[in-house]
Amino acid sequence: MHHRIFPALKRTVSEIGIGTWQLGGTEWGDVPEDEALETLAAAADAGVTFIDTADIYGLGRSESLIGRFLKGRPDKDRFVVATKLGRHPEPGWPANFTREVVRKHTEDSLRRLGVDVIDLTQTHSLPLEVMRDTGIFDFLRELRDEGKIRAFGASVESVEEGLFCLGIEGMASLQIIFNIFRQKPIDALFDQAHQKGVALIIRLPLASGLLAGKFTRNTTFPPNDHRAFNRDGQKFNVGETFAGLPFEKGLELVEQIRPWVPSGMTMAQMALRWCLDFEAVTTVIPGAKRPDQARANAAASDLPTLPPILHNRLGRLYESQVAMHIRGKY
């Protein structure tokens, strides 16, 4: 596992981390507790040191599972844990953005994670007007200065939101949707983030599993999986599901890419390697529901960079056949 510098934390993190939305058990189908803990352990044993979660994932279940995992690790200090706030239903919007509630949600996350300080707290896909008008970053700055969090960042849905956040004093990181099917940030965001020393955390690098290349038109998902209930943005931003592509179009595009996968790697590993080939990227956080998935994701760090001809081919595919089909904030 290779590592990259996370500037605001003044330390390195594994360039492949793990996202734990799926461990909440409410939007990616069921994940038993023992399997969730085994998956976290497999990721850690494969060299992963960056763990991303949120207070809303399973209404705290994901954070609590991470807390249990960390409690049993003699090497827990090597992990960087990032969480998010702002979307919890209690008390809900707009009260979530008051100083008192931001503090309470932070303290709740500290308790569930079982840590004395949170490495990184991110705003959780909040609208631009909320980030601009509520003072939420002032409240996070106060918590940082008090030592409850080490740094703060923002998880965003669009390039416009990302560019706004780059202008916020003390912004440590941006978490963005970025993958072979969603390439807009390369030209619109990467240089500015890199120049400002803002870490880029890449979520949904496999486009909700599309880029693993294992789905067909007959694939079904359980009712509590967002890939079943949010395909057209029925519950939240459609960009969080299959990168905003209609499922059938995504399947067609995957078949075009399949012959291009280099020998010695899976399609999923190629998709992760593609993300890592950009210098501005700090860490990529694919989710995993099973230990074997976590190990295979982590292995992408040790694979060779993709050849320029493949990068060019994937770039042309995006421009000519993908970009016009993306729906939702972008």
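What whole-number distance in Å separates the alpha-carbon centres of segment 123-171 and segment 172-195? The two parts, judged by their Cα centres, are 17 Å apart. Assuming charge only on the beta carbon of Lys and Arg (+1) and of Asp and Glu (-1), the dipole of the chain about its Cα centre is about 340 debye to the nearest 20. In whole Å, how far is the Cα centre of segment 218-267 from that of segment 1-36? If we compute the Cα centre of each part, the gap is 20 Å. Ignoring lysines fewer than eight residues from Lys289 along the same chain, the ones with Cα atoms less than 19 angstrom from its Cα are Lys214.
A cut-off under 11 angstrom between Cβ atoms defines the neighbours of Leu110, and their net charge, with Lys, Arg +1 and Asp, Glu -1, is 0. Of the GluC sites (Glu not before Pro) found in segment 140-195, the ones in coil according to DSSP and having at most 16 other Cβ atoms within 10 Å of their Cβ are Glu169.
Computing log10 I(q)/I(0) by the Debye sum over Cα atoms at q = 0.09, 0.16 Å⁻¹ directly from the structure and comparing it against (i) -0.42, -1.52; (ii) -0.66, -1.29; (iii) -0.83, -1.31 singles out (i). Judged by the ratio a/c of the largest to the smallest principal axis of the C-alpha gyration tensor, segment 191-275 counts as oblate, that ratio being 1.5 or greater while a/b is no larger than b/c. Considering only Ala154, Gln22, Gln192, and ranking their Cα positions along the charge dipole of segment 3-325 that arises from unit charges at the beta-carbon of Lys, Arg, Asp and Glu, the one farthest toward the positive end is Gln22. Beta bridges per DSSP, both residues in segment 3-325: antiparallel share near 20 percent. Backbone phi angles across segment 165-178, fed through the Karplus curve with coefficients 6.51, -1.76 and 1.60 (θ = phi - 60°), yield HN-Hα couplings of 5, 5, x, 7, 4, x, 5, 8, 7, 10, 9, 10, 7, 8 Hz in residue order; Gly and Pro are listed as x. In this structure, the pairs whose alpha-carbon distance is over 24 Å, taken from Lys10/Lys329; Lys249/Lys329; Lys71/Lys104; Lys184/Lys249; Lys148/Lys329, are Lys10/Lys329; Lys148/Lys329. When each of the peptides 42-52, 106-116 is scored by how many other beta carbons lie within 10 Å of its residues on average, the order from highest to lowest is 42-52, 106-116.
By the helix-only formula, in which each DSSP H run with n ≥ 4 contributes -39500 (n - 2.57) and the sum is divided by residues, the chain has a 222 nm mean residue ellipticity of -10000 deg cm²/dmol.
Sort segment 133-197 into rounded, prolate or oblate with this rule: let a ≥ b ≥ c be the square roots of the eigenvalues of the Cα gyration tensor; rounded if a/c is under 1.5, and if a/c is not under 1.5, prolate when a/b is larger than b/c, oblate otherwise. Prolate is the answer for segment 133-197, as a/c is 1.5 or above and a/b outweighs b/c. A cut-off under 10 angstrom between Cβ atoms defines the neighbours of Ser14, and their net charge, with Lys, Arg +1 and Asp, Glu -1, is +1. Dipole orientation for the chain: of the candidates Leu113, Leu210, Asn96, Leu210 has the Cα lying most toward the positive pole (charges on Cβ; Lys, Arg +1; Asp, Glu -1).
Every number in this text was worked out from the coordinates using simple rules, so none of it is lab data. Note that the structure is predicted; figures quoted are calculated from it, not measured. Cβ: placed from backbone, ideal geometry, glycine included. Neighbour counts: every protein chain shown.
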